[in-house]
Amino acid sequence: MYFFYIDESGNRDVKKTDEPYVLTAIGMYENQWRGFNTHLTGMKTNLARQYSRDIAQDQMEVKSNFVTKPRFRKKSPFFSVLSDEDIHHISEHYLNQLDRAKMCIVASVIDKAELREGTTGEQMHEWAYQFLLERIQHFMGNNHRKHNALIIMDDAGANLNRSITLMHARLLRAGNEVMKFRNIIEYPFFVSSELSNGVQLADLVAYTIYHTFRYEKPDYEFMRRIRPYISRLAENQAILAGLKIWPPSNRYQAVFDQLQKEVKS
């Protein structure tokens, strides 16, 4: 069994066309989970105890806003007491898990400026999710066809959770015009990101991809960190099969092409 943790970066407001909307999944084999979870929870707990014994586990959530934007840290009982060195220590431990837990990354990057007029934020999210499932099925079918994949998502609210679940059920039952989703089982599990290290890492990775495309910086230092773990084409490991740009977008395609060029070189 593979677990795929999903989170978003960017705003679901389709009118904010100067930024992308990114939906990202990180996948790991089930027997990697315990070590992954124990390591990160223990690391955060040990760090929190240096400052206070009153910081609860659900207050130790790691979010990209806390890591990258100091003004948001005061909202967190945990991050508000940490030094810059501590925060760097946390982000390094999280990103190092991509290698330690042998993870893969897939993502949908939506250019809101190219969406058809009248598209809603919910519809955009559904398209991004469907593209993400396609990338997950590609990865499983090409690399682990005897295994199944389970989807675990950050709770996005009752209405959006319901629309995603209904679409997920339809895709598992009938597929779409591209494929059958033979290796994906069950309906998505919606969890609180406060207690899910997998969703928290997906958030950090999603922000890295968001930043790369938002500011058109394929050489972004954290993108260089995660790039080796983006899913590749099975028959050609130089092809970044795990990234989907939609709709066709000149500005984001140029970033993708540069990432692809660096992988090939």
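Tell me which residues, restricted to the stretch 87-120, are of a type outside the set (A, V, I, L, M, F, W, C) and open to solvent by less than 20 Å² (accessible area, probe 1.4 Å).
Ser91, Tyr94, Gln97, Ser108, Asp111, Lys112
What are the pairs with Cβ atoms under 9 angstrom where one residue, in the stretch 104-125, is over 13 Å from Val22 (Cα atoms) and the other, located anywhere, is open to solvent by 10 Å² or more (accessible area, probe 1.4 Å) and of a type in the set (A, V, I, L, M)? Sequence gap at least six, or different chains.
Leu115/Val14; Thr119/Val14; Thr120/Val14; Glu122/Leu160; Gln123/Val14; Gln123/Leu115
Pairs, please: C-beta under 6 Å, at least 6 apart or cross-chain, first residue more than 15 Å from Tyr5 (Cα to Cα) and in the stretch 30-43, second assigned to a helix (DSSP H, G or I) and at pLDDT 95 or above?
Note: pairs meeting the criteria are Leu40/Asn197; Met43/His93.
Of all residues in the stretch 44-86, count the ones that are without any contact (Cβ under 8 Å) to a residue 24 or more places away in the chain and small (Gly, Ala, Ser).
Total satisfying the criteria: 4.
Checking Asn31 against (1) out of contact with any helix residue (DSSP H, G or I) (no Cβ under 9 Å at 6 or more places or on another chain); (2) within 17 Å of Asp84 (Cβ to Cβ); (3) among the polar types (S, T, N, Q), which test does it fail?
The single condition Asn31 does not satisfy is (2).
Take Thr165 and decide whether it is without any contact (Cβ under 8 Å) to a residue 24 or more places away in the chain and either under 30 Å from Arg227 (Cβ atoms) or under 19 Å from the mean Cα position of the chain (by Cα) (or both).
Criteria met by Thr165.
Check whether at least one residue in the stretch 169-179 is touching a Leu at 6+ places or on another chain (Cβ under 8 Å), in a helix (DSSP H, G or I) and not charged (D, E, K, R), and report yes or no.
There is at least one residue in the stretch 169-179 that is touching a Leu at 6+ places or on another chain (Cβ under 8 Å), in a helix (DSSP H, G or I) and not charged (D, E, K, R).
Would a scan of the stretch 54-62 turn up a residue that is among the aliphatic types (A, V, I, L, M), in a loop (DSSP other than H, G, I, E, B), farther than 18 Å from Ala206 by Cα and open to solvent by 30 Å² or more (accessible area, probe 1.4 Å)?
The answer is yes, given that some residue of the stretch 54-62 is among the aliphatic types (A, V, I, L, M), in a loop (DSSP other than H, G, I, E, B), farther than 18 Å from Ala206 by Cα and open to solvent by 30 Å² or more (accessible area, probe 1.4 Å).
Looking at this structure, is Arg170 open to solvent by 20 Å² or more (accessible area, probe 1.4 Å), free of Cβ contacts under 8 Å to residues at least 24 places away in the same chain and not polar (S, T, N, Q)?
yes
Among the residues that make up the stretch 96-105, is at least one of them touching a Pro at 6+ places or on another chain (Cβ under 9 Å) and either of a type in the set (Val, Ile, Thr) or closer than 28 Å to Gln253 by Cα (or both)?
yes
For the stretch 145-168, how many residues meet the condition of being touching a strand residue (DSSP E or B) at 6+ places or on another chain (Cβ under 9 Å), in a loop (DSSP other than H, G, I, E, B) and modelled with pLDDT of 95 or more?
Going through the stretch 145-168 one residue at a time, the tally reaches 2.
Please find, among Glu235, Glu216, the residue that is modelled with pLDDT of 95 or more, among the acidic types (Asp, Glu) and open to solvent by 10 Å² or more (accessible area, probe 1.4 Å).
Glu216
For every residue, the table says whether it meets (1) in contact with a Phe, Trp or Tyr (Cβ under 7 Å, 6 or more places away or on another chain); (2) hydrophobic (A, V, I, L, M, F, W, C).
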position	(1), (2)
Tyr2	yes, no
Asp13	no, no
Glu19	no, no
Met28	yes, yes
Leu47	no, yes
Lys75	no, no
His88	no, no
Tyr94	no, no
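For the stretch 96-144, what are the residues that are of a type in the set (Val, Ile, Thr), under 11 Å from Gly27 (Cα atoms) and not in a helix (DSSP H, G or I)?
Ile105, Val106
The values are calculated or read from the model by the stated rules, or taken from the named source; none is laboratory data. Keep in mind that what you see is a predicted model, and the values were worked out from it rather than measured. Counting neighbours? That spans all protein chains shown, and the Cβs are built from the backbone with ideal geometry, glycine included. With ligands, DNA and RNA removed, areas are computed over all heavy atoms of the protein, side chains included. Shrake-Rupley method; radii C 1.70, N 1.55, O 1.52, S 1.80 Å.
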